[in-house]
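What follows is a set of notes on a single structure, which appears directly below.
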Amino acid sequence: MKHTHPLPGDIGLTRISGVTGRLIRFGQWINGDGFADYEHAFLVLPDDRLLEAEPGGARIVALDTYDGAEVRYVCPERLTERQRAAVCAAATRYTGVPYSFLDYLAIAAHRFHLPLPGLRRYVASTRHMICSQLVDQCYEDAGVHLFADGRWPGYVTPMALYKLLAR
């Protein structure tokens, strides 16, 4: 479901410019998500804040950080207020979790069926996450399963969230 005004528990999807954005777009393309303009995902929190995964670690910042940016706010249909609160409560536990560009490569290795020992455990780890994994994990912790397609835990990109919730 798409929104124009963000609510706590919503997922913000936006573009990242520059080299980092191009690298993420390429990583998503390798993973079968195609080239599109959503390279970053974050979770809207109460009090006009958000949680996002960044190279320096997951952080909580003001929602107005994205003022002027094109952001698509989405959430699962029929998400209750109780579920929204649980998602936001889960989010606070991940502040400081390191970012991992290697997760894009691990997700790609899984897509190409490379027989790498420990790959599933690496992708599912909550000790390091890309932005979309962080958002998905907060929903999982709240008991809201976004994907029902049998994918591995952590096997999610910003475009996977877009395809699931914004189309």
Checklist outcome for this item: For residue 126, the lone unmet condition from (1) modelled with pLDDT under 80; (2) open to solvent by 20 Å² or more (accessible area, probe 1.4 Å); (3) of a type in the set (Val, Ile, Thr); (4) in a helix (DSSP H, G or I) is (4)
Checklist outcome for this item: Here the qualifying pairs (Cβ atoms under 6 Å; residues six or more apart or on different chains; first in the range 145-163 and under 20 Å from residue 52 (Cα atoms); second open to solvent by 20 Å² or more (accessible area, probe 1.4 Å) and of a type outside the set (Asp, Glu)) come out as 153/124; 154/124; 158/38; 159/36; 159/38; 162/38
Next on the checklist: Looking for something modelled with pLDDT under 90, in a loop (DSSP other than H, G, I, E, B), among the charged types (D, E, K, R) and open to solvent by 80 Å² or more (accessible area, probe 1.4 Å) - is there at least one such residue anywhere in the range 28-46?
Outcome noted: no
Item to check | Selection from the range 129-163 of residues that are closer than 14 Å to residue 76 by Cα and in a helix (DSSP H, G or I) | outcome: 135, 136, 138, 139, 140, 160, 161, 162, 163
Next on the checklist: Suppose the filter is of a type in the set (Lys, Arg), touching an Asp or Glu at 6+ places or on another chain (Cβ under 8 Å) and modelled with pLDDT of 95 or more; does residue 15 pass it?
Outcome noted: no
Checklist outcome for this item: Across (1) surrounded by fewer than 16 Cβ atoms within 10 Å (Cβ to Cβ); (2) modelled with pLDDT of 90 or more; (3) in contact with a helix residue (DSSP H, G or I) (Cβ under 8 Å, 6 or more places away or on another chain); (4) assigned to a loop (DSSP other than H, G, I, E, B), residue 78 clears everything bar (3)
Item to check | Tally, over the range 146-167, of residues that are at positive phi and under 10 Å from the mean Cα position of the chain (by Cα) | outcome: 1
Item to check | Scan of the range 81-111 for residues that are open to solvent by 50 Å² or more (accessible area, probe 1.4 Å), at pLDDT below 90 and assigned to a loop (DSSP other than H, G, I, E, B), ordered by number | outcome: 98, 101
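The values are calculated or read from the model by the stated rules, or taken from the named source; none is laboratory data. These figures come from a predicted structure and were not determined experimentally. Heads up, the Cβs are rebuilt from the backbone with ideal geometry, glycines too, and the neighbour counts pull from every protein chain shown. These area figures cover heavy atoms from the full protein model, side chains too; ligands, DNA and RNA do not enter into them. Shrake-Rupley method; radii C 1.70, N 1.55, O 1.52, S 1.80 Å.
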